[in-house]
């Protein structure tokens, strides 16, 4: 979002959002990188999504970590948090993200690695939601 805001000439309020506080943005604008033609994957990208529509009556916060080859999506539900697995996609094999591999034991190590990256990012940016979601994955038993 900081990229889109900068492109529109809007200065965003940067910071951290907790479960109970209003939204402040984290991240950085990638406008200069995109404009310069430097668009290769040299590090993971973290995506924050705060949907406006509930799922089964519960609003949720969402974090995704995207690398060159994989995408991990995790959600924190406000209420009625029935167990809902995350999503994991092998983008090299499935660019349309049609086959959720999250529950596959073959992808356990990748799931753990991506969750570790998300946790590190959450700690460095003080995003407790990202840390909590990553910890949930790292503590899972197969």
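What the table shows:
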quantity: Unique residue being modelled with pLDDT of 80 or more and part of a strand (DSSP E or B) when the list is 89, 102; calculated: 89
quantity: Selected residue [out of contact with any helix residue (DSSP H, G or I) (no Cβ under 9 Å at 6 or more places or on another chain) and either without any contact (Cβ under 8 Å) to a residue 24 or more places away in the chain or closer than 24 Å to residue 52 by Cβ (or both)] from 116, 96, 86; calculated: 96
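The values are calculated or read from the model by the stated rules, or taken from the named source; none is laboratory data. Nothing here was measured: the structure is a model prediction, and the numbers come from that model. Cβ coordinates were reconstructed from backbone atoms using ideal geometry, including for glycine residues, and neighbour counts include every protein chain displayed.
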